[in-house]
């Protein structure tokens, strides 16, 4: 690989770093092309992308950036999952893929200016998706209003019920 190709590859990786909201590092030694393709498809469905990287080029790309904290983990055959959307959904897809395939080993990650461990990636994977969390918040905001509405509707309903009972006793 000539120098121009390496610089282009590094610049491409810098663009991915700029666009991504989180990163997950993985060692993929021994994985077949089919297994990597399956991983890429699963991640693409959740707006994330798995890229095989050359460690020296990746180290140069993160040099001088906040992501430099992951440089020490760039060893052996390393791939990076760039997350562009929901981090929890991407972590779940990545975690599921690593459980299905023993050759895919999570190493570390990076999110919100901090390095995260494999345990933290697993915790992220166990979180509900963004849509589910929003639905739960909205449900908790609406619940008190529904309770008040039930009480307010109960008073006229009880009045009508009492009036009906009085009417039945007078007609009987």
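For the reader, a short list of remarks on this structure follows.
- Between the helical axis of 130-171 and the longest alpha-carbon principal axis of the chain there is an angle of about 10 degrees.
- Taking 0.36 nm per residue of separation and subtracting the Cα-Cα distance, full extension of the segment from residue 130 to residue 33 would add 31.8 nm.
- Global geometry of the range 1-50, whether rounded, prolate or oblate, following the gyration tensor of its Cα atoms and the 1.5 cut on a/c: oblate
- To the nearest ten degrees, helix 33-44 and the longest principal axis of the Cα atoms of the chain are 40 degrees apart.
- Each residue, residue 103 and residue 84, gets one label point 7 Å from its Cα in the Cβ direction; the gap between the two is 2.7 nm.
- Summary value for the range 87-127: 52 percent relative contact order, contacts being C-alpha pairs under 8 angstrom separated by 6+ residues.
- Projected over every direction and averaged, the convex hull enclosing the alpha-carbon atoms of the range 109-172 yields 7.4 nm².
- Distance between the pseudo-spin-label points of residue 122 and residue 73 (7 Å out from Cα toward the beta carbon): 1.4 nm.
- Three-way shape call for the range 29-93 based on the alpha-carbon gyration tensor, with the a/c threshold at 1.5: oblate
- Angle between the chain longest axis and helix 3-19 axis [Cα atoms, degrees, rounded to 10]: 10
- Length-normalised contact order for the chain - Cα pairs under 8 Å, 6+ apart - percent: 26
- Choice from 132, 160, 151 showing the highest fluctuation, given a GNM over the chain with Cα pairs closer than 10 Å: 160
Here, each number is a calculation from the coordinates, and none is a lab measurement. Since we're looking at a predicted model, the values are computed, not measured. With ideal geometry, Cβ positions are generated from the backbone for all residues, glycine too; neighbour counts draw on all protein chains shown.
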